[in-house]
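Only one structure is covered here, and it is reproduced in the block below.
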Amino acid sequence: MLEQLKGEGHVTALDVDPIESAKTLERLRGAGFGEELLTVKLTNFANLDQVAKEMGPFDFILADLGVSSMQIDDPSRGFSYKTDGPLDLRMNPREGVSAAQRLKELTREELSGLLRENSDEPYAEEIADKVFRTFSKGKAIDTTFALRDVIREALYFLPAKEREEECKKACQRCFQALRIDVNSEFEVLYAFLEKLPRALKPGGRAAILTFHSGEDRLVKKSFKELEREGVYSMVSKDVIRPGKEEIFRNPRSKSTKMRYCVKG
């Protein structure tokens, strides 16, 4: 996007992660994109209204939801069950509580509901029960491998031939559900969608990349409601998905859905 500006215009980038935003700013400054082209703000995009008062309104807004590859690939952040590390899952490790601490705070019913609501986990009851059985034995669940092993133990009743694949999917869903909860991702998205129209210029466009059905439902509902009210003159009728070539280049893009809107 910075290259496409060809030295004109300005990009204001928001990120709540102090670790990765600092790395990205250093990389882009090194690539020749100075202060006249790029501003990076360490803030949640739920604060879009405050940023728009200072820097906007904007011609175009892109929201790339969820976790980044840089976060997933850093074991110390705890975003992946594939590498061992602290069960943290916070976008900003300097604020809030870790996923390990959050597990200790939840009741069995709350954890089961969280897994169902945030990731449609079909084995939510079994996994929640196993988590609390583990705690009752005085064992900790404070690393990514510890949670992965608890999930595997919870699904031991499944036939051996399908158990491994189901455990993999359950780990993905459970880590996602906890991450959404720890970072208040749905609440943040609600706030962003509510503030988005006022941050756009008339005729301005916005595009949102989502990575699971819960996020996409919220975006679709907001766009349709605001189109009916005349706030948006156009919204995407269907989601836009990556093609085969893009998925080959970037396998993690496979689950991406994009929707766009145009302010009236």
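The values are calculated or read from the model by the stated rules, or taken from the named source; none is laboratory data. Every value quoted in this text rests on a predicted model; they were computed, and no experiment measured them. Please note: Cβ atoms are built from the backbone with ideal geometry, for glycine as well, and neighbour counts cover all protein chains shown. Only protein heavy atoms, including side chains, enter the accessible area calculation; ligands, DNA and RNA are left aside. Shrake-Rupley method; radii C 1.70, N 1.55, O 1.52, S 1.80 Å.
Residues that are crowded, with 18+ Cβ neighbours inside 10 Å and outside any helix (DSSP H, G or I) within the stretch 178-197 comprise just one, N183. Looking at the stretch 222-244 only, could you name the residues that are over 13 Å from I208 (Cα atoms), modelled with pLDDT of 95 or more and in a helix (DSSP H, G or I)? Selection gives K224, E225, L226, E227, R228. I'm checking my understanding of the structure. Among residues of the stretch 94-119 that are over 26 Å from D17 (Cβ atoms) and among the acidic types (D, E), which one is most open to solvent (accessible area, probe 1.4 Å)? Result: E109. For the condition under 30 Å from L158 (Cβ atoms), aromatic (F, W, Y) and part of a helix (DSSP H, G or I), F175 qualifies.
Restricting the search to helices (runs of 4 or more DSSP H) fully inside the stretch 18-76 and requiring at least 2 residues that are open to solvent by less than 30 Å² (accessible area, probe 1.4 Å) and closer than 30 Å to R173 by Cα gives 18-30. In the stretch 147-158, the residues that are farther than 10 Å from Y81 by Cβ form Cβ pairs under 8 Å with partners that are open to solvent by 10 Å² or more (accessible area, probe 1.4 Å) and of a type in the set (S, T, N, Q), at six or more places apart or across chains, as follows: V150/T134.
Can you name every residue in the stretch 114-146 that is aliphatic (A, V, I, L, M) and either touching a residue at least 60 places away in the same chain (Cβ under 8 Å) or farther than 20 Å from K169 by Cα (or both)?
Correct list: L114, L115, A140.
Listed by first and then second residue, the pairs linking a residue in the stretch 247-264 that is open to solvent by less than 40 Å² (accessible area, probe 1.4 Å) to a residue that is assigned to a loop (DSSP other than H, G, I, E, B) and at pLDDT 90 or above, with Cβ atoms under 7 Å apart and 6 or more places separating them unless they lie on different chains, are S253/P242; T256/R241; T256/P242; R259/S236; R259/V239.
Here A177, A128, A160, A154 are screened, and the one residue that is within 20 Å of the chain's Cα centre (by Cα) and aliphatic (A, V, I, L, M) is A177. Take the conditions (1) open to solvent by less than 60 Å² (accessible area, probe 1.4 Å); (2) over 14 Å from R179 (Cα atoms); R90 misses just one of them, which is (2). Checked against the criterion of being of a type in the set (D, E, K, R), open to solvent by less than 70 Å² (accessible area, probe 1.4 Å) and part of a helix (DSSP H, G or I), the stretch 198-208 contains not a single residue that satisfies it.
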